[in-house]
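This report concerns only the one structure given below.
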Amino acid sequence: MRTPLVVGNWKLHLGLKDAQSLARALVQGIEPDLPCEVGVAPVFTVLQAVASVLEGSPIALCAQDLHWVDKGPYTGAVGAPFLVELGCRYVIVGHSERRQHFGENDRIVRLKVEAALRGGLAPIACVGESLTERERGEAFVVVRRQVEAIVEGLDGVERLVIAYEPVWAIGTGKVAEPQDAQAMHAAIREIVARHAGQSIANAMRILYGGSVKPENAPGLLREPDIDGALVGGASLDARSFLAIIHAVRP
Ligand code: 13P
């Protein structure tokens, strides 16, 4: 019913040579007839070089961010049409690192989601609570606020992907227990159903991110509402990323 999606977020890693050689290793190592979609999100400056390696392969090119305005006097920004021109299919939006280090709030995340959809990109919108919020018992409230800011009255919500990335699990080696992640994913689907209808919610991919590794991927991906993974560190190594991809079972 839902085609799982596994995306490698390369963050601010891998320059030209390393990015191309990782892309090459993935293209060579990926099994044919995968039961899932796969994508990689390199740094902006190497998107084009990675695109040429991925050409003809089943791996989708993704961007890590975009500006909410398509073009104009915005020094340093990259708008959706520029990403589409390079062949990007997905764009990560509202990653907690953008929220934390670049001051992005729910309003900016929403504008970026709209810009992505307007431009023909599928946004992968990230939500997730911090450790303090989880310890205070506020995880569900925080995630509900973030999800509602994204989906309320949104045109094109059927093309949206949501990634639940608890901030305390990102880059820490502390992964959410599959049943805890499942509970949050089910809650997210319910919120989407309330705002966009049950059939859109049923069809929406909700990815888990935060210390996904080959060892914990099978347990997470077995959960009914976990439709794939957004992988950071483990996506920088071809063997471990391929192992995560191949952990997806039809
Ligand atoms: P890690 O897999 O390194 O924890 O990063 C997760 C992430 O932020 C993916 O977007």
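The values are calculated or read from the model by the stated rules, or taken from the named source; none is laboratory data. This structure is a prediction, so every number in the text was calculated from the model and none was measured. Using ideal geometry, Cβ is built from the backbone for each residue, glycine included, and neighbour counts are taken over all protein chains shown.
Of note, Leu236 satisfies the criterion of being closer than 30 Å to Ser21 by Cα, within 11 Å of the ligand (Cβ to nearest atom) and not charged (D, E, K, R). Filter the stretch 1-45 for residues that are closer than 26 Å to Tyr208 by Cβ and among the β-branched types (Val, Ile, Thr); which is farthest from the ligand (Cβ to nearest atom)? Ranking the candidates gives Val27 first. Would you confirm whether any residue within the stretch 3-17 is on the phi > 0 side of the Ramachandran plot and at pLDDT below 95? The answer is no, given that none of the residues of the stretch 3-17 is on the phi > 0 side of the Ramachandran plot and at pLDDT below 95.
Select from the stretch 197-219 the residues that are of a type in the set (A, V, I, L, M), farther than 17 Å from Val167 by Cα and free of Cβ contacts under 8 Å to residues at least 60 places away in the same chain and list them in ascending order.
Hits for the stretch 197-219 are Ile200, Ala201, Ala217.
Do we find that Ala139 is among the aliphatic types (A, V, I, L, M) and either touching a Phe, Trp or Tyr at 6+ places or on another chain (Cβ under 7 Å) or closer than 22 Å to Ser199 by Cβ (or both) in this structure? No, not satisfied.
All of Arg194, Arg222 fail the test of being among the basic types (Lys, Arg), more than 16 Å from the ligand (Cβ to nearest atom) and free of Cβ contacts under 8 Å to residues at least 12 places away in the same chain, apart from Arg194.
Within the stretch 202-219, if we keep just the residues that are under 24 Å from Ala63 (Cα atoms) and part of a helix (DSSP H, G or I), the residue that is farthest from the ligand (Cβ to nearest atom) turns out to be Ala203.
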